[in-house]
Structures are given as structure tokens and as C-alpha cells.
1. Non-local amide H neighbours of L18 (under 5 Å, H modeled in plane, Pro and chain starts lacking H): which ones?
2. What ³J(HN,Hα) values, in whole Hz, does the Karplus curve 6.51 cos²θ - 1.76 cosθ + 1.60 give for segment 92-107 when θ = phi - 60°, with x put for Gly and Pro?
3. Tell me, in nm to one decimal, what length is gained between I92 and N263 on full extension, where the rule is 0.36 nm per residue of separation less the Cα-Cα distance?
4. If you plug each phi of segment 260-273 into the Karplus form 6.51 cos²θ - 1.76 cosθ + 1.60 with θ = phi - 60°, what whole-Hz ³J(HN,Hα) values come out, in order, with x for Gly and Pro?
5. Can you send over the solvent-accessible area of F128, 1.4 Å probe, protein chains only, in Å² to the nearest 10?
6. State, to one decimal in nm², a quarter of the convex hull surface area for the C-alpha atoms of segment 239-369, i.e. the direction-averaged projected area.
7. Shape of segment 84-209 from its Cα gyration tensor (a ≥ b ≥ c, root eigenvalues): rounded if a/c is under 1.5, otherwise prolate when a/b > b/c, or oblate?
8. Under the Karplus relation 6.51 cos²θ - 1.76 cosθ + 1.60, θ = phi - 60°, what is the ordered set of whole-Hz ³J(HN,Hα) values for segment 358-373, x standing for Gly and Pro?
Amino acid sequence: MSSSKPVGQETETLNVMLLTHSFWPESSPPQRRWKSFTRAIAASGHRVSVVTPRAGTPRKPASQGRTATDDGVRIIRYPGFGLAAGLAGKTIRSLGQAVASIPASLRQGRQDIVIATVPALSMLFSGFAVSRLLRAQFVVDLRDPWPDLFRDSNILRSRILEPVAIRAMLCLLRRADLVITVTEGLARNARSQGMLNVATVPNGVDLAKCPVPLKREQAPAAPARLQVLYLGNVGLSQGLDLLVRAAAQLSGSIHVRIVGDGNDRNRLRQLAVDLEAPVEFLGPVRGEQTLEMYRWADTVVVSLRPDWPSFNHTVPSKLYELLALDLHVTGLVRGEAAAIIDNAKAGQLVGQDLASLTSHLRQLHRNRDSLRVAGNGPQWIAEHANLAELGSAYARHLEALGKPATSKRKGRW
């Protein structure tokens, strides 16, 4: 693979290792981010290894074995401990994977840089341990507003465990040689919490594989009901109660599809039944099925619950895909995500209360012309969120970090 560096500009070859809870051929925005970034780092002339569990997909392609190579990236897999349900089961699986990743990583020999992706949170601890055992630079790819999410979500449900977990996580983040965030707000927050070397490389879209823009298959006559889609994780973070309740109030003029899986799905289904809301729940989709859902939709909802302050600095990765496909977005978000929708003129931002959402959806149903977007979404993505260019930027941050000063790392735990 040819190098992306300009002629005459050479940098020393780095051994770069990524520890991640999942990787290609699994398909989700984090996996697509790292698929593109590892290729870009390898294209810059560096040796890249990915240490990850064996994917829990039904197909099990050839790359599911212990090792594989893809576009210059070496993929090392270890047992994934099966699929676990519920918070306790997922926590046990995540901890088991983190422990198993350590010997799998150490067997790969000397490394200059070890990158840990967060989430999963357990990879932060195993990545730190591997970096110290190999005397490598430690880089954290921080994609969510941790550790603030411990407070916002009350996920630990313990006044004793929560401050301990926050202190432990901050201790490791402050020891990182470089923290890379996906938004500028997360970067500012990281610096305020004592992380000294912080950079931002946002999420984005692989334009080479994205049909830009998506041509929606319009029926000869507009459907009698507004077709509203939410597609993605169906968890507590999304606050989708609001959409279900709005659908119940607009029962005769709206059809909502919630597509995906998550720990709030069953509760939302029961809420829809109780309210007799016209909401259809479908399982996760991929590839062409995803595009079929987008073609069906008049508007696609992007939502983050309004009562968690850390979401001011969060941009749902799905938003970038919607902009690239030039789809109409109903934005139940604030902060940086809201600014992106506004700058790209990709739809409407809606107040995160029932009256505002109901009024917005009713207006879309009555005035179909308001569903037209200006076509700026794909242009905005090309200028700000092209994964190929972002991957090259990531490689430059690693090159600036360079090789570790091994003598300074002895005993630095």
C-alpha cells in the first residue's frame, strides 16, 4: 500500500496496536471508524495490529480465525466469551474480554503505541496495562463523555461505587500520553479534568462506500400518514419515550418505526401498547436493509435525552450517515449535534418536550414541502467528516507522539 505522506517527508515507522471490543466484519459506526483509520495509519507507512474478540456474527467469515490481514492491518482475535444478555452479563463478558486481550496483545511483541477505545470501558484498563508492560505510548480514543456519564446515567446505582469508578477512570485518562476525542466539547471537558495532551478527530463517513445522496423511492401519491423513522441503539440514552407519546397523540396521521435493539426496547414496546401508539418495532438491519428503511422514511429522528448534561458534547455517529445520504432529520438534540444539523441545513431542530415534537410532526404531515432539504448535507460531510481524511489526521497525531522514551517509562504505573 502506498504511503499518504508527501514526497520527501519521511517519518519513522511505528508499531501501533489497537485494543477494541469489536472490529470488522462487524458493522456499526465505531467499527467503520476504525476500519478506515487503521487502513490510513497503515497507508502512512506504519505497522498496525488490532487485538479484538472473535465477532459474534452468525456468518463467521474466514477472518474470524485467530489472525488475519486486511489492507496491511494485522487482526488478532481471541475468544469472545459468547453473547450475554442484561447489564450483569454484558459486564462479565466485557471484563473477560479485557483480561483475555492482555496475553493476546503481549504475544505480538514490542509496540510503540497502544490505543484503547472507550467504550468499552474495560479496554481502558487492559490498554493501560498492555502499554506499561510493553513500555509503549498510551493513547485513549474517547468517543463518549466518560466519566461524566457515570453521574448522568446512574448506571452503577451506588453512592460508593460511582466516585470510586470516576476516580479510577480519571487516573488512567490523566496517565494517557494522548487522548483523542470525537468532539471539541469533549476535548475541552477532558482538559478541564486534568488531561494534558488532547486532540479531536471526529466521526464521519466513508464516502467511497456511501451512496451520496440516497434517492428516495417516492410513491405516486404521498402516503396518508407521515412516515417517521428512528434507527439505531434503543437505549436509555436516546429518550425515545417522547417519540412514542407523540405518535399516540397523532395516531391518525403518523406511522413510526423504531428499528434496532437495546436495553429500553421492551419497555418502549409496552408503552406503545399501553398508549395504542402507531409504533412499529423492528430488529437491527444492515446494508441494503438499512437503505430500504431510509427510503421508506419521510424524516429520520436523531435523539439524545435532554436531562443528561454530558450530551451537550455528544454527536450521535448516525447523524453523519444521515447527512451524507441527504435525508431529512428531526433533531431532538442540543449542543454540538444541534449545531451540525443547523449548519448543514439538514432538517429541523425540535424542542425536547411533547408539545414541541407533536407540533413539529403535525406540521411535516400537513406541509410536505417542509420535508425538502437543501442538499447541503453531503457537501458538509465532504468538508468536515470524510473518514479517509480524518484517518490521515489520526495518523499524524500518532506520528507527532512518536516512539516512547523507554527510559522514562520504567515503573511508571
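1. S49, V50, V51, I115
2. 4, 4, 4, 5, x, 5, 4, 5, 5, 5, 5, x, 4, 6, 5, 5
3. Values: separation 171, 0.36 × 171 = 61.56 nm, distance 1.63 nm.
Full-extension gain reported as 59.9 nm.
4. Once rounded to whole Hz, the list reads x, 9, x, 6, 10, 5, 5, 5, 5, 4, 5, 4, 5, 5.
5. 10
6. For the Cα atoms of segment 239-369, the hull's average projected area reads 7.8 nm².
7. Rounded is the answer for segment 84-209, as its axis ratio a/c remains below 1.5.
8. 4, 5, 4, 5, 5, 5, 4, 5, 7, 10, 5, 4, 6, 7, 6, 9
The values are calculated or read from the model by the stated rules, or taken from the named source; none is laboratory data. Since we're looking at a predicted model, the values are computed, not measured. Heads up: the accessible areas ignore ligands, DNA and RNA and are worked out on the full protein's heavy atoms, side chains in. Shrake-Rupley method; radii C 1.70, N 1.55, O 1.52, S 1.80 Å.
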